[in-house]
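Since the structure comes first, as structure tokens, the remarks are kept for the end.
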Amino acid sequence: MRFSQTIIFYLLLVFSVITCAAPTLTFSTTADKLLTSEQAFKFSAQVKDSHALAVNWEIADGYYLYREKISFRLLNADQLQLGTYEIPHGKPQQDAAFGAVEIFYQQLKFDIPLNRQKLASQKITLEASFQGCADIGVCYPPMQKTVKINLPAATNFNLQPNLTNPTTTVISEQNQIANALTNDSIILTLLSFLGFGLLLSFTPCVFPMIPILSGIIIGQGEQVSTQKAFLLSLAYVISSALTYTVFGVLAALFGSNLQTAFQQPWVIGLFSGIFVLLSLSMFGFYNLELPKFLQAKLHNSGDKHRDGSYLGAGIMGSLSSLIVGPCVAAPLAGALIYIGQTGDAILGGTALFMLGLGMGIPLLIVGASAGKLLPKAGQWLNSTKAVFGVLMLAVSIWMLERILATTLILCMWAFLLIISAIYLRATEPLPENCSGWSKLWKGLGLIMLVYGILMLIGVSAGNTNILQPLQGLSANSSAKQHAGLKFERINSIAELETRIQQASNNGQTVMLDFYADWCISCKEMEAYTFTDPQVQQVLANTVLLQADVTANNANDQALLKHFNLIGPPAILFFNREQQEQTQARVIGYQASETFLAHLNSLKLL
């Protein structure tokens, strides 16, 4: 009996050991047969068409993939971004580690649309991140798989054409314009660019052309007629538009902006000096005219219109388009993107010509009215010429703002106002029984005199704002205007990449501002947009970098070419994965309200 009990005891003991060890033995045996991650989750990606990629996972039996762990990014794409994609829904499951999830068995495939800013073919690398498990409870660590893909050339900038249920995607204004050039009718495109030009004619970059043209017309003296004034304006506008077209096409095809080259200090100084000479002639110090032998030759030709003035107006129009308004706006950038990517210089150049023509419409109106509104003879004509002489000096100072210190420029503005006030007899008493016009000019002179003095006081206090010369002099420091954004200057592509990498490591996004001293729209952004407290609050956790391309040296040109930019102003955004969000680019001036709405629409900030 004892023997049988002993046998039973040992049998029970062995059975218990085997039972307890069974799971371990089973796991060990199964673990030895686990597939590698490449065998369990075979990932592939290929081109579906020029605007989409097709991705696919072949999942082994007894394994599954998590929907929530799938993500993608492009590693070396040029002006290419992944569009909004929708991952199919999988089988719901309550996971011990991740909670409520969706999983896939056997196979998973879907398409990823591409947002292209460049039509040429290129080699790209797609990185897919994913994670999966085996049914027995063994989970793999997160996996990354890279696939090199040869992306073919595209014929247009169409966005997300392959989504079954497309979602709204933000696209920058300049790329919308480039896309319109590709898809819209020629008539609609040209009319649109004429309208763009008309809108641009009311920007500060174009305003100085009005006194320039007016000075040319006034310089004709009492002999100017309505017809001649209009033809002078037409010569000025057509020459400006043609110059805009020719050098715009060259910039798009070869990536070199001649307008930028004309912002050298000696060019600005020379052109500013020309305006000073023109203004002095309007004050009556001397008369500007062609040499006698040329006058005789033109007179003997018998062509009453070939007096040299039209040629001069045309030359001034060409120079004005190159020097006065070099800032890049969204319509110009859109046309240049289209030309650069398609090589269609005919349509792109025609669009640029219509843009320049639209910018000149107000100038044509000035020319058409000049013959009727301007006095023909007498003291009134001399007074009118003196007014435009002052405007010419103002244009000269405005141009010198690009190359001289702000303090010196403010002094020049103050001197111009004070001296003009003296000529308006602001310091002299009014005679008895004077006319209403005399009182008006006296009042205007006093305003100019007082403001000029306030500017000198502001300069002595260290202020630099021409519109607020006494800013900061109040005892209440809270009344001071908000300072602008503080940017960190970068000078090369390597320096930029280093700072973007550092920002990514810190979990921060990056905003890169392309700036130049000769860019009026850039200074507008600094003065009116970057000083907005709400804009500063939204960008509080964003690394602010600035590329100053004033000098247009080799590093500046390399930075512009790296991002396919023609020139400033341009603002670029980079997400935490160091990728530029090309659809978020801002080209040209934006008011604080518009810029703030743009920032709030971005998911990366």
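The values are calculated or read from the model by the stated rules, or taken from the named source; none is laboratory data. What you are looking at is a predicted structure, and each value in this text was computed from that prediction instead of being measured. Positions of Cβ are generated from backbone atoms using ideal geometry, with glycine treated the same way; all protein chains shown enter the neighbour counts.
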Please find, among L565, L559, the residue that is in contact with a strand residue (DSSP E or B) (Cβ under 9 Å, 6 or more places away or on another chain) and part of a loop (DSSP other than H, G, I, E, B). L565
Residues satisfying the stated conditions in the range 389-441, i.e. without any contact (Cβ under 8 Å) to a residue 40 or more places away in the chain and of a type in the set (G, A, S): A405, S420, A421, A426, S435, G436, S438
Hey, Q81 of a type in the set (S, T, N, Q), out of contact with any Ser or Thr (no Cβ under 6 Å at 6 or more places or on another chain) and either part of a strand (DSSP E or B) or within 19 Å of A154 (Cα to Cα) (or both) or not: no
All positions within the range 121-150 that are within 16 Å of Q93 (Cβ to Cβ), in a loop (DSSP other than H, G, I, E, B) and of a type in the set (G, A, S): G137
For the range 442-455, state whether one or more residues are in a helix (DSSP H, G or I), at pLDDT 80 or above, loosely packed, with under 12 Cβ neighbours inside 10 Å and not assigned by TED's automatic domain parsing to the domain that holds P265. no
Go over the candidates G215, G273, G255, G248 one by one and state the one that is closer than 26 Å to S309 by Cβ, modelled with pLDDT under 75 and not charged (D, E, K, R). G215
Can you tell me which of (1) surrounded by fewer than 18 Cβ atoms within 10 Å (Cβ to Cβ); (2) out of contact with any Asp or Glu (no Cβ under 8 Å at 6 or more places or on another chain) is the one L544 doesn't meet? (2)
When you go through D95, D111, D135 one by one, which is the residue that is free of Cβ contacts under 8 Å to residues at least 40 places away in the same chain and over 30 Å from K561 (Cα atoms)? D95
Checking R576 against (1) over 16 Å from the mean Cα position of the chain (by Cα); (2) part of a helix (DSSP H, G or I): exactly one of these is not met. Which one? (2)
Kindly evaluate A153 against the criterion of being part of a loop (DSSP other than H, G, I, E, B), touching a residue at least 40 places away in the same chain (Cβ under 8 Å) and in contact with a helix residue (DSSP H, G or I) (Cβ under 8 Å, 6 or more places away or on another chain). no
Name the single residue that is surrounded by the most Cβ atoms within 10 Å (Cβ to Cβ) among those in the range 197-207 being over 16 Å from the mean Cα position of the chain (by Cα) and modelled with pLDDT of 75 or more. G197
